[in-house]
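*Asks:* Below you will find the structure I want to go over with you.
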Amino acid sequence: RFPRAHNNMSSSLTSAPAVVTVPPSPKPGDLPSKSAGNGDVSSSSSSSSSSGPFLPVLRVSQLDAYALDNELLDVVFLKQLQKCVDIFNEQMSVQYKEEMTLFLEALFWYHTIRVDAPTPGMEMMNVTFVDNKGIAPFGTLRPRQKWTLLACGSMCKYVYSKATNFVANKCLPDDKRSITVKALGTVHSVARTMNLILFLYSGKFPNVPQRVANVRFAHENPNAGRAMTFEYLNRALAMREIGEVGKTVVIPLVESRGVRELFRRAKYVLGFRQQGETVARLEEEEEEEEE
């Protein structure tokens, strides 16, 4: 049995046609191609890494980047500009506060988002803007998205603040214009609340302008870790505890009757006697307290 089976297998193998693939001969001007083992794997890995999805950014990093930029504009730039304007006229800084805020935000946008540069807050949090549709290259935005961020972020806020001030100063509560402005404020509050809920759920679009422009955050360097420092938090907690101790322990102790009597005796010992009328008034106050 075994020799017959062996003969049948050998005959079937020899009878089957052999298919041999011969690579095409290279032309004189062509460069030598890489090996099929290493070159294909490296090219596929590089293409997959370039076209793969971005790593998700922490929600707290996105909110911190937005908060740092707002603090930089409000606390640093706006206050310095108001101090410069106060030199000429003190009322101008209050009267034209909305215009100065719009000017600073437009200038901030011109030197960061317009030229595809990260803002200081984004650079500190290691994030950058990316097109959610993937049309623009990484780290850049389309012109329409840039102008949408400016219009929805700065110009709409300026128009709403001016409308609110106009309605508060020159319109009655029952006027159609005041009702319209209140309705717009309600719509804006609802939109911000809904956007916050969706952001906490999906981790994209931390504010309304980014959702309208279809722009989200991505890691500028995915291999960089989040630098978490607690120095400012420790200082804030220490100052808060010191303030609580001062309000609950030191101030009641200083205002107590025994400490006041001790201070008065110390003044007497050191030679800082008060006049007779002041002493009599203090004694009368103590007698009233005892009664």
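The values are calculated or read from the model by the stated rules, or taken from the named source; none is laboratory data. This one's a predicted model, so the numbers in the text were calculated from it and none came from an experiment. Note that we place each Cβ from the backbone using ideal geometry, even for glycine, and neighbour counts take in every protein chain shown. Protein only, heavy atoms only, side chains kept; ligands, DNA and RNA dropped before computing areas. Shrake-Rupley method; radii C 1.70, N 1.55, O 1.52, S 1.80 Å.
*Asks:* Among the residues of the range 132-154, write down those that are outside any helix (DSSP H, G or I) and at pLDDT 90 or above.
*Replies:* Matches in the range 132-154: L141, R142.
*Asks:* Contact list please: Cβ distance under 9 Å, first residue in the range 161-185 and of a type in the set (G, A, S), second residue open to solvent by less than 40 Å² (accessible area, probe 1.4 Å) and not in a helix (DSSP H, G or I), pairs at least six apart or on different chains.
*Replies:* Sorted first by the residue in the range 161-185, then by its partner, the pairs are S178/C171.
*Asks:* Further, regarding this structure: For the range 96-120, how many residues meet the condition of being closer than 13 Å to S154 by Cβ and small (G, A, S)?
*Replies:* 1
*Asks:* A follow-up question, please. So is K162 of a type in the set (K, R), under 20 Å from A67 (Cα atoms), modelled with pLDDT under 90 and out of contact with any strand residue (DSSP E or B) (no Cβ under 6 Å at 6 or more places or on another chain) or not?
*Replies:* no
*Asks:* Out of the residues in the range 53-95 that are touching a helix residue (DSSP H, G or I) at 6+ places or on another chain (Cβ under 7 Å) and of a type in the set (S, T, Y), state the one that is most open to solvent (accessible area, probe 1.4 Å).
*Replies:* Filtering the range 53-95 for residues that are touching a helix residue (DSSP H, G or I) at 6+ places or on another chain (Cβ under 7 Å) and of a type in the set (S, T, Y), the one most open to solvent (accessible area, probe 1.4 Å) comes out as Y66.
*Asks:* I'd like to know if the range 106-121 contains one or more residues that are open to solvent by 60 Å² or more (accessible area, probe 1.4 Å), in contact with an Asp or Glu (Cβ under 9 Å, 6 or more places away or on another chain) and basic (K, R).
*Replies:* The answer is no; no qualifying residue exists.
*Asks:* Any chance the range 225-237 includes a residue that's of a type in the set (S, T, Y), farther than 29 Å from P143 by Cα, open to solvent by less than 50 Å² (accessible area, probe 1.4 Å) and at pLDDT below 85?
*Replies:* There is no residue in the range 225-237 that is of a type in the set (S, T, Y), farther than 29 Å from P143 by Cα, open to solvent by less than 50 Å² (accessible area, probe 1.4 Å) and at pLDDT below 85.
*Asks:* Find the residue count for the range 96-105, including only residues that are open to solvent by less than 50 Å² (accessible area, probe 1.4 Å) and of a type outside the set (D, E).
*Replies:* Going through the range 96-105 one residue at a time, the tally reaches 4.
*Asks:* Now for a different question. What are the pairs with Cβ atoms under 7 angstrom where one residue, in the range 87-99, is modelled with pLDDT of 85 or more and the other, located anywhere, is open to solvent by 70 Å² or more (accessible area, probe 1.4 Å)? Sequence gap at least six, or different chains.
*Replies:* The qualifying pairs are E98/K162.
*Asks:* List pairs: first in the range 67-79 and touching a residue at least 12 places away in the same chain (Cβ under 8 Å) and within 14 Å of M124 (Cα to Cα), second hydroxyl-bearing (S, T, Y) and surrounded by 12 or more Cβ atoms within 10 Å (Cβ to Cβ), Cβ under 6 Å, 6+ apart or cross-chain?
*Replies:* D69/T119
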